[in-house]
Amino acid sequence: MQPRKIDDTLLLEMLREGKMQAEAAAHFNVSPAAVCKRLKRLSSPSPESILEKHGLTERQGAFAIERAKGKTATQAAMASYEAGSIESAKAIGSQLMKQAEITSAIEELMNVHGLTKDYRIGRLKTLVDHKDPIVVHKGLDMSWKLDGSYAPEKHTHIGVSFTQINLALSNGAPHGEED
C-alpha cells in the first residue's frame with residue numbers, strides 16, 4: 001500500500017492558517033478535488049461515534065455495520081451474534097430491525113458513505129427507466145416492495161395430530177388372515 005500523499009495534520013494546519021484548498025493541493029502535489037475529498041472524509045463521523053451516539057451495544061453496532069454493508073438481517077445477525085441456527089439468526093435480525101435506534105444508525109452509516117435515500121431513489125429510477133424490460137421489471141418490483149404496494153405475506157400454520165389406530169379383527173387375527 002502506498003503512503004498517503006496528503007498529511008492530514010499538515011492539511012488541517014494549513015487551512016487553519018487561512019490557506020486555500022488549491023494552495024494545499026499544490027503543496028501536496030495532488031488535485032484540488034483530492035484535497036476536497038480528503039477533507040470530507042476527515043469531517044465525516046466515524047462508525048464508532050455514530051453507534052455510540054445511538055446508544056448501541058457492541059453487538060448491535062456490529063449488526064448495524066453489517067446491514068449497512070448490504071448484508072441481510074439474517075446474515076448480519078449470524079456475523080454479529082452467536083446464533084446457533086439460521087432460524088435463530090432470522091429471529092434476532094427481525095427483532096433488531098424493529099428497533100428505531102438500530103435503523104437510524106444504519107441509515108446514518110449509509111449516509112456517511114454517500115448512500116442517501118435520494119441517491120438510492122435516483123439509482124432505482126435508472127433501473128425503472130432502463131431499455132431492457134427485465135431490468136425495468138426488477139426496478140419496479142424493488143420500488144413496490146419499498147413503498148409497501150405489495151400486500152403483506154400471509155402464513156398459515158396448521159396443526160395436525162395423528163392417532164394410531166389398531167385395526168384388528170374380532171378373532172384376533174391380523175387383517176387379511178381370516179380363518
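To keep it simple, each residue is scored yes or no on (1) out of contact with any Ser or Thr (no Cβ under 9 Å at 6 or more places or on another chain); (2) farther than 29 Å from Met97 by Cα; (3) of a type in the set (A, V, I, L, M).
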position: Ala24; (1), (2), (3): yes, yes, yes
position: Leu42; (1), (2), (3): yes, yes, yes
position: Ser46; (1), (2), (3): yes, no, no
position: Arg59; (1), (2), (3): no, no, no
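The rows are residues; the columns are (1) touching a helix residue (DSSP H, G or I) at 6+ places or on another chain (Cβ under 7 Å); (2) surrounded by fewer than 14 Cβ atoms within 10 Å (Cβ to Cβ).
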| site | (1), (2) |
| --- | --- |
| Leu11 | yes, no |
| Met14 | yes, no |
| Glu17 | no, yes |
| Ala22 | yes, yes |
| Val30 | no, no |
| Leu39 | no, no |
| Pro47 | yes, no |
| Ile50 | yes, no |
Within segment 115-137, restricting attention to residues that are within 20 Å of the chain's Cα centre (by Cα) and β-branched (Val, Ile, Thr), which residue is farthest from Ser104 (Cα to Cα)?
Ile121
Scan segment 26-47 residue by residue and report those that are in contact (Cβ under 8 Å) with a residue 12 or more places away in the chain and at negative phi.
His27, Phe28, Val30, Ala34, Val35, Cys36, Arg38, Leu39, Leu42, Ser44, Pro45, Pro47
Where in segment 1-116 are there helices (runs of 4 or more DSSP H), lying fully within it, with 2 or more residues that are out of contact with any Pro (no Cβ under 8 Å at 6 or more places or on another chain) and among the charged types (D, E, K, R)?
8-16, 32-43, 47-53, 58-68, 86-97, 100-112
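No lab work stands behind these numbers, since they all come straight from the coordinates. Model, not experiment: these values are computed from the prediction. Heads up, the Cβs are rebuilt from the backbone with ideal geometry, glycines too, and the neighbour counts pull from every protein chain shown.
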